[in-house]
Every structure is written in structure tokens, then in C-alpha cells.
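The values are calculated or read from the model by the stated rules, or taken from the named source; none is laboratory data. Please read these numbers as outputs of a predicted model, since none were measured by experiment. Heads up, the Cβs are rebuilt from the backbone with ideal geometry, glycines too, and the neighbour counts pull from every protein chain shown. When the accessible area is computed, the model is the full protein with side chains, heavy atoms only, and any ligands, DNA or RNA have been set aside. Shrake-Rupley method; radii C 1.70, N 1.55, O 1.52, S 1.80 Å.
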Amino acid sequence: MNETNEKIRLRALIVEDSEDDALLLAEHLQHANFLLEWQRLDTEPALLEALGQEWDIVFSDYSMPYFNGARALEVVKQHDPDIPFIFVSGTIGEETAVIGMRAGAQDYVMKGNLARLAPAVYREIADAKVRRERRAAKQTVRKLSQVVEQAADSVFITDPHGTIQYVNPAFERLTGFSAAEAIGRTPALIKSGQHDDAFFKKMWDTILSGGVFQDTLVNRRKDGALFYEEKTVAPLFDSARNISSFVSTGRDITEKIRAEETRTQLLEMLEATTDFVAIVDSGGRLRYLNRAGRAMAGLSNVDDAGTMHLADCHPEWAARRLLAEAFPMARREGAWHGETAVMRADGREIAVSQVVLAHGGTGGTPEFFSIIARDISERKRFEEELKRQATHDALTGLPNRLLLGEHLTTELARAERNHSLVTVLFLDIDNFKRINDSLGHVAGDALLRHAARRLRDCMRPNDIVARYGGDEFTIVIGDLAHPDNILAIIHKLREAFESAVFIAERDVYARFSLGISVYPNDGNNAETLLKNADAAMYRAKANGRNQHQFYAPEMNARGQELLALETDLRHALERDEFLLYYQPQLDVRSGRIAGLEALVRWEHPAQGLVSPDDFIPLLEETGLIVPVGEWVLHNACAQYRRWRESGFPSLRVSVNVSARQFREHSLLDSIRQTLRDEGVPPDHLELEITESTAMQDVQAAGEILAALDALGVRLAIDDFGTGYSSLAYLKRFPLDVLKIDRAFVQEAPHDGNVWAIAEASISLGHKLGLEVVAEGVETAAQMDFLRSHECDIVQGYYFSQPKPVNEVERFITGHAAAGI
């Protein structure tokens, strides 16, 4: 609470459809000693626009005609997870309030009783400050870690006895010793013999007494070559002020020493470097520009740099910044660094990371400045690519759902001003699932890329073509004078897909169902138009596929379809409509089948096999995932018993445990009873928990995993790499297996960044003593990649797709008969 009489400034955003309620809320806060600046709004676009400003807190009603508090909470937390969010509502119930709190709201206050409001605001403003400070501290620690890893200076850390515990990449580059070769040994491995015992005694006396040792050392590389280091060794202390370790930083000054011996060698080095290097007087006139600098600036034919000025090789703005900012700072502090640009002779700018150093002179006035610039154009392109990836689909390169919403909102605003029509087309590839299932995900991805290209090619440049998700695409067409023009566009789209797409060594024909909504008749905002076009698309699909359908108000086909599916799903367990498929797992080293993953399937009496992508989310939403998960566990263990009794090889069986099932108190008893009833050895049952499930509540997850580990079952972290797990927690969990998510496997041979992630995941798993399993292996290239990086086990269509019991038995028998 505010214990003084000073007014506290508070910028508040109020999501409220009632102006009167908002005024009452503002008046209450003003009486509570707040100097209030506030804005009321009641739509999502207005909220998104308002979040472009800075706010101290957000208040929101829960139920509003054009918006709702739950969505407002989601939008605000996506924008700034630390900003306090308090529900102020007259209709919110306790159960709804709890759901809101779990979703990120800080508190809720009833409109009829605002007594708790002011204390809650004081508390949450203070808590938000703490949250931001903690986040900033974490970012600082992460940056410091990156600084050490990326530092050009050699760094190693030892324990109090001098045993090396860590070396950074610069140490490896400088000494030639890898981290594996250095860790566990002492710094004597780079000892040159150039220093006597008295030298090292002085060093130890200094650091053991708590001081910092600084001197120049001559050390020896792994290849025997000598190098010079400006060495700093300092002790680190624990909370009891005892020395816990020593940190040594070393800057390689070998070239500096040699340069001091001969200026010619220095010039040769400068001419050989790939960085832009210049020597400049205080007025900006060049004294020297190296070969790389001349090449970067397109001045290779210039022999005498003394005739040039900074402005000859920098854009005007960059030259002005160097003279007005960089030189004065370097004069005061000795150095300046920042990002500017070098200008080529043709006027093109090259982004550079630039360092300015002040040299020589007397009385604080430098005699000259040196400028070192490194081309960071590639890094800048990479940063731009990261920005693009946030708003574009990685597979097709089309705008994603986020960018689509922004473009559509902009187009609607323009249409409102110009009194024109906007059309939203929602497309779904009818036969995508069949192509994807029969030819594999690689072929499915290729089809999506081809579809995206054809859609883009047959639309106008200002039309928006986006990938909405899965096999769904959305097209936004503006500046339409009449709805009849849409038919010509649809005809053009159909023509674009008349010809086959050559995929997986065969011709494939793609057909699509199309739903259409038109502004303003079918909605006046992006969300409504997209929803209605989606509903129209599902009606078109229900009418026989490869059809188009304009939206009509009575449509809610998709909702009815999902409702019917959910109704049937609720009876599927009692009607014994579920069955298990098994996907074999291959031991990469021996070539033998190492185990089977049990996967649930639903045999719908009318629709046949329903895709897991359709019914698994419904199981999770309805809570049926818990009894179905128990059914899977029991039946997988019962099948294991039947195989054992029939003399069939006893293979380890993996069963997935959902997030809701993992949190059930009865989970341990259910597993213990099932193992006992079916006589399954505990180490022949493997439970797979997703990375995100384990990290939802780390302490609770650790306790549950420890209890499961005590039963003797094997524990696997599934979908590794898709969550936000802490390596420290992974190390503490009693795990046996790490399963790499299929996304990192399927792209690994083609994408260098994903390749590095997959390789690092395998290495991490082995260092943690875990067996590493790769999912989604579909090609020989992926298999070769995993084998070369010593992945333990693989599963995927390249080896075997999931199979029912009788087929998997034949597969295993045939695999064994082949002598593998």
C-alpha cells in the first residue's frame, strides 16, 4: 500500500463495454490516491492497437458483447507476460476466475465490491516490477554466458586445486587443445618451460591470498608452437568467502609482440586480414586503409589512402556518427564500438560492426584513431530472416496466420474507406491426408509447397495468399466491385490445379474444397470472416469435396461435425471401438528390433479408422484421454503377456502418457496393478512423457517420475526440443530415454541449423547417460545422418509404419528370419 499522501501515477487500460462501469472504476482508483491516465476499449483490434503504448496495468470485464475477458487476457499476455491483469466483473464466477488466474490473470474483483481493488493494484504493480527485474537478471546471466562462449579471449576455470573444469572455444582455438583434452587436467598442459618456479610461486601466492594475478605468459600450443598471453588469474569465492575456483582469462598478444619487433610484419598482417582496417587522424582524414578495406569500399585502384576522407568510404550518416560520437568517446574512454556501414564506390552500403580505438598523443589528445570494421551483412540477413520466420510459414514461405490477420484487418479498413468488397477464400486440400499417409510426410510437404506456388502464381500481386495451418490455405482479395467477380477467380484457381504435380516419382492430382465469405455481408472483422469462410469450406467438403460454397448464416457445419464426433467418441470405449497399433523401433547398431511403441487407433463404425489428429485433441479436451490412456496401458501389457505365453519374442513396449493422465493421482496405482496383473517385467514397460508435460510443474513432475522410477519402469522424455526444458532439471529427472522430436529429424539432412540441433540433442542425451531415440525417420538420408551421429534407436516409416497386432507379428518374424 502507499503509505504516503503522494499521488501515484498509473497508466491503466480498461477493457470494458460499459462506459459507466469504466468511469466508476477510474473514480475508485483516483480516490485511492492514484494519478490515473486511462483508456477504455471493448474490441480486440482496439486492444491490439492500444498495446502499442506503455501501460502499467490492465483491467478487464469478463463478458462483453464484442469481446471477452479470456481473449483479452491471452492478447495482453502474448504482448507482455509481465503486465498485471485483473478481472473486474459482475458476472465472473469463482470457477471461471480460477481458470483466468491459471491462464495468467493476477486477480479478480467483483464490480459490486471494489474494496480489494486498490490493494490488489499496489501489490501487482510491485510484483510486476519484481518479475521484470528477474527476467532482466536472467537475460543478463544468459548474455554473460554468451559473452564467455563467444569471447575472443581464452577463458578457463579450475577448481581450488588447479584442475581444469571448463574451457571456452577461444581457449580451444588458441591452444589447439579441445575441451575434452583439457578438462580434468591442469594448466601445465600448455606450460612452455619459459618461466621459473619463482614466477609460478608468485602467481599462487597472489591468488591464494585473494588477489588478482596479471602478467604476460609464454605458453605452448598442442602443436608445440609458443604463444604470448596477457594473463589474468583471479579467485572466485563461495558464500562463506572460501575460494571455490579460479578463472583465467588470456588474451593472445603473440602478434602484438612480434609486431613490436617489426612494423613490416604488422603491415603484412593488416593487409592479410579480411576486416576493414583504417588509421585516421582526428579530422577524419585517412592515413592508411588496408587491402580488405579498399576492397570492401570498392577502392582497390586507390594507392594513396592519404588523399581520402572518412566520407569517401562511409555513407554520410555513418561518417557523421564516427566524427561526432565514436571519436569523442574513444578519446575519452580509449575505445568505441557499434554498428555502422561502409559505402562502396557504387553507393551500396555494407553493414559492419565497427571498433574505433584512440592511439598515442600527449595531454589526453590522441595522435590518431584506428578503425576496424567487420562485414555483418550475413548476420543482418539472418536477423531479417528470423523476423520473417515469425510471420511466415517455414514450409511454403507464405504469410502465416498471424500476418494474415494483420493484412486482413488492414484490407478491411481500406475497404470501409473505399466502400469496396473484400473476399476471404478458405481452401482445404481434399486428398492431402491420403497422399501424406500413402507417400509419406516428405511427399506431403512437397505437395503443400507446390500448392502454395500455384495459388500465389494465379493471384494478383496485392492479393494475400497465406497458409492457415495443416493443408489449409487462405486467400484475401480486395478491391472487388461485385461478388460475381469471385466466380472468375474460383475458375482460375481450379484451372491452376488441373495439371498433375510430380511427387515421389509419380503424378499426383490435388483437389480442394473452397469456402467463401464476403465483407461486409458475411462479417465486418477478420475473425468473423475467417470463421465463416471456414464454415463454408466444411459445407463444401460435406457436399462431395472439390466443391466451392458461399457462406450462409445458417452454416455451422464444422461445429456440428465436431460435436457429432465428440458424441461418438464418448461411447467408443464402452463399444470397444479402440484398438492398438504397434510401431517397431530399430536398434541402429545391431539392426535388431529393440521395442514397440503402442499407438491408439479408433475404428469408427461408420467412418472407419479416424485420424489420430482428429480424435486425440477431442480426447484431451473432454478428459476422456485419462480412461483411454488407462485402456492403452492395460491392453499393451495384456498383449505383451499374450506374446510371452505364445513364445513370441518379449520386446519392450512403449506407452504414451498424456499430460492429464500424468497428473492423475491414480497413475502409480494403475501402473503397479497392471504390471502385477499381466506379469510384465517393469523394465519391459516404457512410459513416454512429453517435454512440455514434464516442465509444467517441475517439482511435481520430479516427484511423480521418481515414484515411477522406483517401480522399475523405463522413463522417456518425448518430443524433445519442442518445449522449454531446463537442462538442469532434465539431469535431475530419473530418465532412461530421450526421444528427439520428428521435426528435427525430418529436416536434419537439409537444414544446417536443424542438423546442428539434432546432433546436439544426441550428444546431450549421451552425456546425460540416456538412450537416444529418433522419431519420424522417413528417408535413407535421415537414417545415414542418425547412424553417423551414433543415435541409438530409430522409428519411422523408413523402417516400418504402425501396424495392427497380426501385421506387426509377421513383420517381427520376417525381420528375425532375415538374420538381422
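Among beta bridges from DSSP that stay inside the range 83-230, the antiparallel ones total about 70%.
Expressed as a whole percent, the proportion of Cα-Cα pairs in the range 341-497 lying more than 21 Å apart is 63%.
Report the semi-axes of the equivalent ellipsoid for the range 104-234 in whole Å, largest first, where each axis is √(5λ) for an eigenvalue λ of the Cα gyration tensor.
Over the Cα atoms of the range 104-234, the semi-axes work out to 52, 17, 11 Å.
For the range 44-111, the square roots a ≥ b ≥ c of the C-alpha gyration tensor eigenvalues yield an a/c of 1.5 or more together with a/b exceeding b/c, which makes the shape prolate.
Taking the charge dipole of the range 7-56 about its Cα centre, with +1 at Lys and Arg Cβ atoms and -1 at Asp and Glu Cβ atoms, the residue from Ile14, Phe34, Leu48 reaching farthest to the positive side is Phe34. Relative to the current alpha-carbon distance between Asp20 and Ala151, full extension at 0.36 nm per residue lengthens the span by 41.3 nm.
Using a 1.4 Å probe over the heavy atoms of the protein chains, calculate the carbon and sulfur portion of the accessible area of the chain as a whole percent.
Details: 20950 of 41670 Å².
C and S atoms contribute 50 percent here.
Short version: what are the Cα gyration tensor semi-axes of the range 242-390, square root of 5 times each eigenvalue, largest first, in whole Å? Ellipsoid half-lengths, sorted descending, are 26, 24, 18 Å.
Positive end of the dipole of the chain (Cβ unit charges, origin at the Cα centre): among Gln607, Leu189, Thr396, the Cα lying farthest that way belongs to Leu189.
For the chain, the relative contact order comes to 5 percent (Cα pairs under 8 Å, sequence separation of at least 6).
Using only Cα atoms, tell me the angle between helix 19-31 and the longest principal axis of the chain; keep it within 0 to 90° and round to the nearest 10. Orientation of helix 19-31: about 40 degrees from the principal axis.
Restricting the count to DSSP beta bridges whose residues both fall in the range 461-568, what percent are antiparallel, rounded to a multiple of 5?
Values: 8 of 11 bridges.
So the antiparallel bridges in the range 461-568 amount to around 75 percent.
Give the value in nm², to one decimal: projected area of the alpha carbon convex hull of the range 319-434, averaged over all directions. Write out the running numbers ahead of the final one.
Details: hull surface 55.3 nm².
Projected area, direction-averaged: 13.8 nm².
When only alpha carbons of the chain are considered, Rg and Dmax amount to 33.1, 95 Å. Determine which aspartates and glutamates satisfy two conditions relative to Lys380: a Cα distance under 12 Å, and not lying fewer than 8 residues away in the same chain. Output for Lys380: Glu339. A straight line joining the Cα centroids of the range 680-724 and the range 632-646 runs 21 Å.
When only alpha carbons are used to place a centre, the range 189-207 and the range 255-315 end up 39 Å from one another.
Can you give the accessible area per residue of the chain, in Å², using a 1.4 Å probe?
Details: 41670 Å² over 820 residues.
Averaged over the residues of the chain, the accessible area is 51 Å².
Beta bridges assigned by DSSP with both partners in the chain are antiparallel in approximately 70 percent of cases.
Using DSSP loop states and a limit of at most 16 other Cβ atoms within 10 Å to flag trypsin sites (Lys or Arg not before Pro), what is the longest stretch of the chain containing no flagged site?
It runs 8-184.
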